[in-house]
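The values are calculated or read from the model by the stated rules, or taken from the named source; none is laboratory data. Quick caveat, the model's predicted, so the values are computed rather than measured. Glycine gets a Cβ as well: all are built from the backbone with ideal geometry, and neighbour counts include every protein chain shown. SASA here: full protein model, heavy atoms, side chains in, ligands and nucleic acids out. Shrake-Rupley method; radii C 1.70, N 1.55, O 1.52, S 1.80 Å.
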Amino acid sequence: MTAGKNLILNKYVTDVKYKLQGDYPIEVVAKDTQTGKFMVFRAKWAVMTFSIGVLESDHVEFHPPLPAWKSEVIYMFKMTRYIKIFIKFPDDITAFWDDNHYIMYVDPHVRGKFQVWQNLEARGKYYPRGTNVLLCTVLGGYYDTVSSWSKEQVMEELYRVLREMYGDKAMPPEDILVPDWHTNPLFFGSYSNWPIGVDRTVFDNLDAPIGHLYMAGEACSQNYNGYLHGALER
């Protein structure tokens, strides 16, 4: 490739061949998301950073199929169901929430209902005062409920919880942002989760290369899997 032209954007990998004959045994086929055309890349070595969610999907085909010792460990891992909801309030209101980083809510009837809140301008340490943004985290079984709602329904339920927490001081959100990690074909989940029973031997199988094809990403980090610095480490 031409110097400075080795970053290819807006391409989805569809096929990976990793046992071809010759000096360049790796062949990667990628589809241009704008034109629909396919591009073919040949290489001597390749590092793939697909998430566990992508590897468990049918969006990328491997030729030949990944060996059993590799596929087995991939399907042992699961992608965590985790939603971060960024909640924006009007700029002209005074913060009515606690001046603490974490604010916990326990619903008496529904387990995990909008349980963990974060004040992103707590004590002036994070965002500037007046940003008026809260972060609410949804995980576990309650994720399935929230993921089926419209944006308007989510905002209404968030406001209902805020009224239970702060009474008449609570104000309705102006807008929310819900990053789409779980249906995005680049991720299919938030981060990998080690199941019970995974030991170092199993981890080594996940991390191990297949010929000239190497794996990397947060799932391959023994110490920091699930975190950004785990992805950087691996």
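How much length is gained if the chain between Val116 and Lys88 is pulled fully straight, taking 0.36 nm per residue apart and subtracting their Cα-Cα distance, in nm to one decimal?
Residue separation times 0.36 nm, minus the Cα-Cα distance, leaves 8.5 nm.
Can you list the equivalent-ellipsoid semi-axes of region 142-188, largest first and in whole Å, using the square root of 5 times each Cα gyration tensor eigenvalue?
Whole-Å semi-axes of the equivalent ellipsoid: 26, 11, 8.
Round to a whole number: what % of the accessible area of region 13-160 belongs to carbon and sulfur, probe 1.4 Å?
53 percent
Can you send over the solvent-accessible area of Val146, 1.4 Å probe, protein chains only, in Å² to the nearest 10?
10 Å²
Can you pull the one-decimal nm distance between simple spin-label points at Trp149 and Ala216, each 7 Å off the Cα toward Cβ?
In this crude spin-label approximation the distance works out to 4.0 nm.
Leaving out ligands, DNA and RNA but keeping every protein chain, what accessible area does Thr94 have, in Å² rounded to the nearest 10, with a 1.4 Å probe?
The accessible area of Thr94 comes to roughly 120 Å².
Quick one: what Rg and Dmax do you get for the chain from the alpha carbons, in Å?
Both quantities, over Cα of the chain: 22.1, 72 Å.
Report relative contact order for region 4-49 in percent, whole number only (criteria: Cα-Cα under 8 Å, sequence separation at least 6).
That works out to 31 percent.
Which whole-number percent is the relative contact order of the chain (Cα, under 8 Å, 6+ apart)?
Values: 408 pairs, mean separation 50.7, N = 234.
Relative contact order for the chain comes out at 22 percent.
In Å², and per residue, what accessible area does the chain have when probed at 1.4 Å with the other protein chains present?
Accessible surface, normalised per residue, equals 60 Å².
Rounding to the nearest 20 debye, state how big the charge dipole of region 53-127 is about its Cα centre with +1 on each Lys and Arg Cβ and -1 on each Asp and Glu Cβ.
220 debye
Counting only protein chains, not ligands or nucleic acids, how are Trp97, Trp194, Trp45 ordered by accessible area (probe 1.4 Å), most first?
Trp45, Trp194, Trp97
Among Leu158, Asn100, Ala219, which residue has its Cα furthest toward the positive end of the charge dipole of the chain, with +1 on Lys/Arg Cβ and -1 on Asp/Glu Cβ?
Farthest towards the positive pole: Ala219.
Obtain the nm distance between the two label points defined at Leu66 and Asp23 by a simple spin-label model: each point lies 7 Å from its Cα along the Cα-to-C-beta direction.
Calculated label separation equals 3.0 nm.
Cut-off 19 Å, label point 7 angstrom out along Cα-to-Cβ of Asp58: give me the residues of region 18-43 whose amide nitrogen falls inside.
Those under the cut-off are 31.
Percent relative contact order of region 131-234, based on C-alpha pairs within less than 8 angstrom and at least six residues apart?
For region 131-234, the relative contact order is 13 percent.
Sticking with the crude label model, points 7 Å out along Cα→Cβ, report the distance from Phe38 to Met76 in nm, one decimal please.
Roughly 3.4 nm, to one decimal.
What number, rounded to the nearest 500 deg cm²/dmol, is the helix-based mean residue ellipticity at 222 nm of the chain, given -39500 (n - 2.57) per DSSP H run of at least four residues and division by all its residues?
-6000 deg cm²/dmol
In straight Cα distance, which lysines are under 29 Å from Lys5, not counting same-chain residues fewer than 8 positions off?
Lys17, Lys19, Lys31, Lys37, Lys44
Of the residues Phe188, Phe41, Phe50, which exhibits the maximal mean-square fluctuation in a Gaussian network model of the chain defined by a 10 Å Cα contact cut-off?
Highest fluctuation among the options: Phe41.
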